[in-house]
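Below is one structure, written out as structure tokens; the observations come after it.
What follows draws every value from the coordinates through simple rules; no lab data is involved. Everything quoted here is computed from the prediction, not taken from an experiment. Positions of Cβ are generated from backbone atoms using ideal geometry, with glycine treated the same way; all protein chains shown enter the neighbour counts.
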Amino acid sequence: MKIHVFKNKEIASEFAYTEFAKNLEQGAHVFGLATGGTPEILYQLLRESDLDFSNCVSINLDEYYGLDGNHPKSYRYYMQTQLFDVKPFNTSYLPDGTDTNVQSQIDAYNQIIAENPIDLQLLGLGVNGHIGFNEPGSPFDGQTSLVDLTANTIEANSRYFATKEEVPTQAYSMGIGSILKANKIILLAFGPKKADAVFGLAEGPITVDLPASSLQTHPDVTIILDEEAASQLSRDSYIFHE
Ligand code: GLP
């Protein structure tokens with residue numbers, strides 16, 4: 001695992017952008033994408049770039065159960081407005097949050113992932129160490145599932161909704177097993193609230209209690225942090241960029 005630490009999230013996101021551009025240039029074709037506040041600057045840089053994703057495929061990590069793609073808080077809507085409306089991909093997959101036939105939605109998403117091996121997977125990080133919506137306790141070989149969100153994830157994500165009661169309590173999520181099959185993984189984490197989870201993922205034991213610690217088992221992971229998110233790491237574990 002390579003860990004890069006930057007003065008702030010703006011510079012860190014520029015580094016992430018460079019990694020994206022480099023991978024695209026080197027032939028990456030299937031991009032695993034993430035939502036949340038963390039990748040917003042990266043998506044802005046991608047929107048403003050001259051990179052062309054029109055021959056590429058994107059597969060998102062997750063979608064809230066019960067929200068359709070036109071709902072402003074759905075992850076489909078987020079992806080459209082953050083990236084796809086300006087930088088369309090040939091095909092963009094997200095789970096269908098309105099599909100109440102849970103098993104068929106799970107099977108369909110697993111098939112999409114199996115047919116489109118992910119070259120580069122982008123990840124954010126939950127305050128409890130979740131990746132995608134794989135909450136603590138999720139198996140490291142798991143595939144797509146309908147997840148019951150934990151109280152602290154609902155609390156953390158309520159900042160994107162008018163009230164906490166509006167946050168869906170479940171979500172479809174790609175499993176950790178599928179995430180770990182990606183050829184290369186880039187995880188972004190910014191701000192002091194992520195410092196504990198960052199410490200766990202980088203220097204803690206590999207445990208299902210902290211889903212992101214599973215990344216220690218993957219051969220090609222790049223962690224991109226700002227100083228606040230890196231505040232608990234031992235100094236010799238990362239590269240600091242002035
Ligand atoms: C959400 C998403 C994750 C995201 C994480 C962090 O619940 N399911 O994919 O990485 O939480 O979100 P944020 O970047 O807004 O802090």
Legend entry - the chain - percent relative contact order, Cα under 8 Å, separation 6 or more: 27
Legend entry - Cα gyration tensor shape for segment 94-187, rounded if a/c is under 1.5, else prolate or oblate: oblate
Inset, instruction - With an 8 Å cut-off on Cα pairs and a minimum separation of 6 or more residues, tell me the relative contact order of segment 126-242 in percent. - result: 31
Inset, instruction - Just check segment 150-216 against the gyration tensor rule for me: Cα atoms, a ≥ b ≥ c as the square roots of the eigenvalues, rounded for a/c under 1.5, and otherwise prolate or oblate depending on whether a/b exceeds b/c. - result: prolate
Inset, instruction - Compare the peptides 200-210, 182-192, 119-129 by average per-residue count of other Cβ atoms within 10 angstrom and give them in order, highest first. - result: 119-129, 182-192, 200-210
Inset, instruction - Select from Y64, Y17, Y75 the residue whose mean-square fluctuation is largest in a Gaussian network model of the chain (Cα-Cα springs shorter than 10 Å). - result: Y17
Legend entry - Sites K193 and S49, calculated FRET efficiency, Cβ-Cβ separation with R0 25 Å, nearest 0.05: 0.30
Legend entry - Sequence-distant residues sharing a close amide H with I3 (under 5 Å, placed H): I223, I239
Inset, instruction - List the equivalent ellipsoid semi-axes of the chain in whole Å, largest first, each obtained as the square root of 5λ for an eigenvalue λ of the Cα gyration tensor. - result: 25, 21, 18
Inset, instruction - Quick one: work out the % antiparallel among DSSP beta bridges in the chain, nearest 5. - result: 25
Inset, instruction - Would you grab the residues whose amide H sits under 5 Å from the one on G142? Only those 5+ places off in sequence or on another chain, please, with H modelled 1.01 Å from N. - result: I176, G177
Legend entry - Built amide H within the under 5 Å cut-off of V208, gap 5+: none
Legend entry - segment 20-110: trypsin sites (Lys or Arg not before Pro) in DSSP loop, at most 13 other beta carbons within 10 Å: none
Inset, instruction - Before rounding to the nearest 500, sum -39500 (n - 2.57) across all DSSP H runs of length at least 4 in the chain and divide by the residue total; then give [θ] at 222 nm in deg cm²/dmol. - result: -8000 deg cm²/dmol
